[in-house]
Each structure stands twice: as C-alpha cells, then as structure tokens.
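The values are calculated or read from the model by the stated rules, or taken from the named source; none is laboratory data. On a predicted model such as this, the values are computed, not experimentally measured, just so you know. Cβ atoms come from the backbone with ideal geometry, glycine included; neighbour counts cover every protein chain shown. Accessible surface areas use protein heavy atoms only, side chains included; no ligands, DNA or RNA. Shrake-Rupley method; radii C 1.70, N 1.55, O 1.52, S 1.80 Å.
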Amino acid sequence: MAGLKIENITKKFSGAVTAVDDVSLDIPDGKFVILVGPSGCGKTTLLRLIAGLESASRGRILIGDRDVTRARPRDRDIAMVFQSYALYPHMSVRRNMSFALELKQLPKAEIESRIEKASRILGIGGLLNRQPKQLSGGQRQRVALGRAIVREPSVFLFDEPLSNLDAKLRTAMRSELIKLHNRLGTTIVYVTHDQVEAMTMGQLVVVMKDGVVQQAGEPLEIYRNPSNRFVAEFIGSPAMNFVPARIESHEGRIMAVSAAFSLVLSARGAPVGEAQTVELGIRPEHLRFAAKEDDASDTVQIDGVVEVVEPLGAETIIEVSAGGVSLVARIGSERLPHIGAQVKLVADERRFFVFDSQSGARLC
C-alpha cells in the first residue's frame, strides 16, 4: 500500500486543449478518494495520467516515495477497473483473474491462493469456471474487481465502474465497494459523475471543472461549506436553489434584496458593496412550510405558488414560483399541497449562501 502525490500536473492535447490544469493533490495511504465532476471536467484524464495511460505535459506523480511520472503502466504497481469491465471474452473467470499473475511468473500456489482469497471476498467462488458471456452485469463487475484485487497493488483506480448497472445494483455495489475498501485498506482513486456516489463512498472528494480542482475535502464539509457556486450547485440532490439579488443599504443595514425576499447581511461580515449583484443559494431541504412558532426575526419568509408536486413516499419535492423565480423544496409527505396552492415557505437566514454573480466565488 502507498499514498499518492500529484504535483502541478498539467495535460495539454493538440489544438491547445488543456484537459488537466495544474492539479496538485496529496492523498494519504489508504484513503478512498473520489474525483467527481461533469463530463469533460478532466477527471478521467487525471485518472489515466495516474495510471500511465496518458503522459503528463508538466508536473510529477509519486506513488509512495517513487516518482512514476514517466514509468510504464505495468511498473507503477496500480490496478485499474474500467467502466466496460474489459474482461477477456475467451477466458474463464479464473483465467481472467490469473492472467496478469501468470505474466509475472508467480508460483502457481501463490496464484491459486490469491484467486481463492479474492473470490471469497467478492462472493464469486461459484463463477470461476464460467465465461464472461455467462455472467450478469453485476457479476462481471465483481470479476473485474477480483482481477484487480489479486494483483495486490499499491493503488486501485476505478473509472466509473458502476455506470453500466441498474439503479438497484448500483446501490448494492456501492456498499460492497465500501466494505471492500474497509477490508483491504488500500488507496482507491475513483472517478464518477454521480455526486451521490461521491457523497456516500468518498473519504476525500475532489470536485473538478474544466480541468481545475474547484474544492477538495470530506464530503460533508464540501456540502456544508462549498467554496463557490459551481460546487454548491453540483453537490447536493436536488440541486441548490439560486436567487438573483442586489446589495442595498436600508436604515444602516446591508441587505441582499431579491424579487421574492430580502436577507440581512450586516451581521455576517460579507465582503459586499452597495449595488453589487449576487446570487443567494438555499438548499431544498432547508426550505419548509411556515408554522405558527416561526420567529420572523431569524427566518426568511417567501410567498409563492405551487407549480410542481413530486411525491416520493417518505418525502415530497415541490416547485414553488416566487417573485419570478422557481424554488425547489424537499418537504415531508404528511402535508401535500395541490398545484396552484398559495404557500409560505420559510428558511433559517443562516442557511443562505451568498455568491458573487460574476465570478461565482462564495462571499459568505
């Protein structure tokens, strides 16, 4: 096992396309790290740079204390699991798992021991004599994991390994991967575009956009304290609501004024100036229906009209039109409003984020 250090890595392709731009990460040994972001953000290119499938234009990659920046993939002591499973179709499950070990000329007894151990961990002992075409998608993914495990690498690399599975199986496999990491304790770098996977699986989450790391940290820390508008919108489901507003001064108080409501900023020490345009962010789960006990002094109250109702069983997602802006709220299912109903939503004023409307930087 080993930690992973990425120092100022840049990857430029022909045509002046910068896929990864000056990325630096220090990943401790044994961490489960998620690279997350939309398509084209550079996360898969970064994974391929770690694997040696792409060469860096600038910077260094270290696995443990070894500089592997220019090393061949087979010399990096990594194992990679692909989205497409990439199993050899003409080989049995057993041979798929043993093939790389045979190339390394390990003793037969050692190979069998590793296959037996990995098969037991993954519950695929009864599949060893089957061909890939005889397996379900979930079984194929377990075999791909087994093929990686038997190599006993310093670092595991996963490139969206669950995206080809149905929703129920994806949920089950997420749990299995977490258990697997707990058993093995090996460093894992896992690429996904699914922020639910990022939040539920990662010990360290790295959010990327346009080849640049926007924020890196523990999942809940990123959720609670996003560094900019992009991270705030990308992490969380349903996505954060954003309301355009203007900074104004009223009776000595600095306020963010929107068409739907106003928010006092004076006590928050926000670096804002009068007439500055901002966006106010509030998560759907932090909006609720007004109740008699709500104190108007520390809540923001929003009047609106219900436009969409989505019952999900334990909770309901509603969309409310307020001041020309649509707000999504996640509420309980004990009170279901009808479309067209006049409602009053409230939120603790401390739950609002303030972002600069030009740069997207978080102001407070």
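Only one item in [x] 24.8, 82; [y] 19.8, 55; [z] 19.7, 80 matches Rg and Dmax of the Cα atoms in Å derived from the coordinates shown, and that item is [x].
On the beta carbon distance between Thr10 and Glu251, with R0 = 41 Å, the FRET formula returns roughly 0.20. A helix-only calculation puts the chain at -7000 deg cm²/dmol for mean residue ellipticity at 222 nm, using -39500 (n - 2.57) for each DSSP H run of at least four residues, averaged over all residues. Near Gly3, the amide H atoms lying under 5 Å from its own belong to Asp29, Gly64; only residues 5 or more places off or on other chains count, and H is placed 1.01 Å from N.
Report, in debye and to the nearest 20, how large the dipole of region 206-364 comes out about its Cα centre when Lys and Arg carry +1 and Asp and Glu carry -1 on their Cβ. Numbers along the way, then the final one.
Details: 15 positive and 22 negative charges, 32 e Å.
Taking the Cα centre of region 206-364 as origin, the dipole is about 160 debye.
Identify which of Glu110, Glu221, Glu176 has the largest mean-square fluctuation in a Gaussian network model of the chain, with springs joining Cα atoms closer than 10 Å. Result: Glu110 has the largest fluctuation of those listed.
The residue among Ala109, Thr18, Leu336 whose Cα reaches farthest toward the positive pole of the charge dipole of the chain, with charges on the beta-carbon of Lys, Arg, Asp and Glu, is Ala109. Could you tell me how far the Cα centroid of region 84-146 sits from the Cα centroid of region 8-76, in Å? Taking the Cα centre of region 84-146 as reference, the centre of region 8-76 is 28 Å away. Note on the chain: GNM, Cα springs under 10 Å; of Gly123, Gly252, Gly30, the largest mean-square fluctuation is that of Gly252. Counting lysine pairs in the chain that sit 8 or more residues apart in sequence, or on different chains, and whose Cα atoms lie under 17 Å apart gives 11. Applying 1/(1 + (r/R0)^6) with r as the Cβ-Cβ distance of Glu152 and Ala239 and R0 = 41 angstrom yields a FRET efficiency of 0.55.
Quick one: accessible area per residue over region 177-324, 1.4 Å probe, rounded to a whole number of Å²? Don't skip to the answer; put the middle values down first.
Numbers: 6630 Å² over 148 residues.
So region 177-324 comes to 45 Å² accessible per residue, rounded to a whole number.
Shown in residue order for region 57-71 are the 3J(HN,Hα) couplings computed by the Karplus curve 6.51 cos²θ - 1.76 cosθ + 1.60 at θ = phi - 60°: 7, 7, x, 9, 10, 10, 10, x, 9, 9, 7, 10, 3, 10, 6 Hz (x for Gly and Pro). Rolling a 1.4 Å probe across all protein chains gives Val343 an accessible area of roughly 10 Å². Extension gain, Asp294 to Lys133: 0.36 nm times the residue separation minus the Cα-Cα distance gives 51.9 nm.
The label-point distance for Gln342 and Val305, in a model that sets each label 7 Å from Cα toward Cβ, rounds to 1.1 nm. Shape of region 44-161 from its Cα gyration tensor (a ≥ b ≥ c, root eigenvalues): rounded if a/c is under 1.5, otherwise prolate when a/b > b/c, or oblate? Verdict is prolate for region 44-161. The dipole here belongs to the chain: it is taken about the Cα centre, uses +1 on the Cβ of Lys and Arg and -1 on the Cβ of Asp and Glu, and is about 2040 debye. Scalar couplings 3J(HN,Hα) for region 167-176, obtained by applying the Karplus form with A = 6.51, B = -1.76, C = 1.60 to θ = phi - 60°, are 4, 5, 5, 4, 4, 5, 5, 4, 4, 5 Hz; x denotes Gly and Pro.
Could you tell me the center-to-center distance, by alpha carbons, between region 294-364 and region 182-227 in angstrom? Centre-to-centre (Cα) distance: 27 Å. Between the beta carbons of Asn164 and Glu274, assuming R0 = 51 Å, the FRET efficiency works out to 0.45 to the nearest 0.05.
Treating only the Cβ of Lys, Arg, Asp and Glu as charged (+1, +1, -1, -1), what charge dipole size does region 4-120 show about its Cα centre? Round to the nearest 20 debye.
Dipole about the Cα centre, nearest 20: 280 debye.
Rolling a 1.4 Å probe over the protein heavy atoms leaves Thr299 with an accessible area of roughly 20 Å². Rounded to whole numbers, the Karplus 3J(HN,Hα) couplings from phi for region 144-161 are 4, 5, x, 4, 6, 4, 5, 6, 6, x, 6, 9, 9, 10, 10, 10, 6, x Hz, using 6.51 cos²θ - 1.76 cosθ + 1.60 with θ = phi - 60°, and x at Gly and Pro.
Within region 143-163, what residues put their amide N at less than 20 Å from the label point 7 Å along the Cα-to-Cβ vector of Leu103? Counting only backbone N, you get 143-159.
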